[in-house]
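Below: the structure, in structure tokens.
The values are calculated or read from the model by the stated rules, or taken from the named source; none is laboratory data. In this text the structure is predicted, and so the values were computed from the model without any measurement. Because the Cβ atoms are built from the backbone with ideal geometry, glycine has one as well, and the counts that use them run over all protein chains shown. We work out accessible area using only protein heavy atoms, side chains counted, and drop any ligands, DNA or RNA first. Shrake-Rupley method; radii C 1.70, N 1.55, O 1.52, S 1.80 Å.
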Amino acid sequence: MALWQGKSNKKSTGGRLVPSKGKRKFEIGREKQYTKLGKQSLKTYRVCGGNVKVGMLAAEYANVVDKKTNKITKVKIVNVKANPADPNFVQRNILNKGATITTELGDAIVTSRPGQDGAVNAVLIA
């Protein structure tokens, strides 16, 4: 079943709105593809205008920034330590923006959106 991201046919008060147009193809969304911990796997999506978006399905490494030395290092991710979006994501090792991950350098917070950007970028916690 397709996800539709168009305008609702109901008012905020609960009344009915008469739509001026029907559903359009560009209003269709897609199912969420969570980025998990594992061997790197990327998926390309065709988006509006024929452009391509790369989504990450599984990640093994993260680009970690050390604020003290301003160095960026590609580091192996050990596991997901905390996730404010959903506590269940920690058990399932799902990476998303704001998740705290344990790396070989130490704990880091994910700053990118891996499912949208196709890479895991993180900042080391001091």
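Summary of computed values
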{"read-out": "Among (1) at pLDDT 95 or above; (2) assigned to a strand (DSSP E or B); (3) open to solvent by less than 90 Å² (accessible area, probe 1.4 Å), the one test that Lys53 misses", "value": "(1)"}
{"read-out": "Failed criterion for Asp86 (all others in (1) open to solvent by 40 Å² or more (accessible area, probe 1.4 Å); (2) not in a loop (DSSP other than H, G, I, E, B) hold)", "value": "(2)"}
{"read-out": "Test: residue in the stretch 11-20 that is part of a loop (DSSP other than H, G, I, E, B), open to solvent by less than 90 Å² (accessible area, probe 1.4 Å), touching a Ser or Thr at 6+ places or on another chain (Cβ under 8 Å) and not hydroxyl-bearing (Ser, Thr, Tyr)", "value": "yes"}
{"read-out": "Any hit, the stretch 68-81, residues being closer than 20 Å to Lys97 by Cβ, open to solvent by less than 100 Å² (accessible area, probe 1.4 Å) and under 15 Å from the mean Cα position of the chain (by Cα)", "value": "yes"}
{"read-out": "Total residues in the stretch 65-82, condition closer than 18 Å to Lys39 by Cα and among the polar types (S, T, N, Q)", "value": "1"}
